[in-house]
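Read the structure below first, then the notes.
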Amino acid sequence: MLGKKHSSMTHGYSTKVGKDGLIVAKPRRRRVRGVSAVRLLLLVAVGFFGFKAFTLAAVGPITYNERVAKLESGTIIEKVGAKALKIDPVTEAVVGSISPVVR
């Protein structure tokens, strides 16, 4: 128990004097830094739709759909990928805003 308190106090602590004159050190709560789960999920989704939109704008809708069709005739993992990579309204909207050629 003492080792656990000591390791938690490496991130800072505060001291108080109790009514009996005893000095008590309490560890400060460590702030969680970084990306929360919601932000991480949002970042992955934006990256995924951005990748799809960039690829669609780069190769064109005909070639893109041909490549997705090749995936549909592959293994189970490729079929799942093909379902995820199909052109959806979000991808069309992003492509429409970045590339006037693909509409």
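The values are calculated or read from the model by the stated rules, or taken from the named source; none is laboratory data. Model, not experiment: these values are computed from the prediction. Quick reminder, even Gly has a Cβ in these numbers, built from the backbone with ideal geometry, and neighbours come from all protein chains shown. Only protein heavy atoms, including side chains, enter the accessible area calculation; ligands, DNA and RNA are left aside. Shrake-Rupley method; radii C 1.70, N 1.55, O 1.52, S 1.80 Å.
Could you look at the chain and say what percent of its accessible area is carbon and sulfur, using a 1.4 Å probe and all protein chains?
About 65 percent, which is the carbon plus sulfur part of the accessible surface.
Could you work out the local net charge near Leu85, counting Lys and Arg as +1, Asp and Glu as -1, over the other residues with Cβ closer than 13 Å to its Cβ?
Its environment carries a net charge of +2.
Enter the accessible area per residue of the chain (Å², integer; probe 1.4 Å; all protein chains in place).
Result: 85 Å² of accessible area for each residue.
Averaging sequence separations of C-alpha pairs under 8 Å and six or more residues apart, then dividing by the length of the chain, give the relative contact order as a whole percent.
Computed value for the chain: 19 percent relative contact order.
Taking Cα atoms, how many degrees apart are the long axis of helix 37-59 and the longest axis of the chain, rounded to 10 and kept between 0 and 90?
20 degrees
Which shape class applies to the range 29-100: rounded if a/c is under 1.5, otherwise prolate when a/b exceeds b/c and oblate if not, where a ≥ b ≥ c are the square roots of the Cα gyration tensor eigenvalues?
Note, shape of the range 29-100 comes out oblate.
Return the lysines within reach of Lys83: Cα separation strictly under 27 angstrom, same-chain partners fewer than 8 residues apart disregarded; answer none if there are no such residues.
Result set, ordered by chain and number: Lys52, Lys70.
Quickly rank 73-81, 88-96 as a protection proxy: mean count of other C-beta atoms within 10 Å, highest first.
Output ranking for 73-81, 88-96: 88-96, 73-81.
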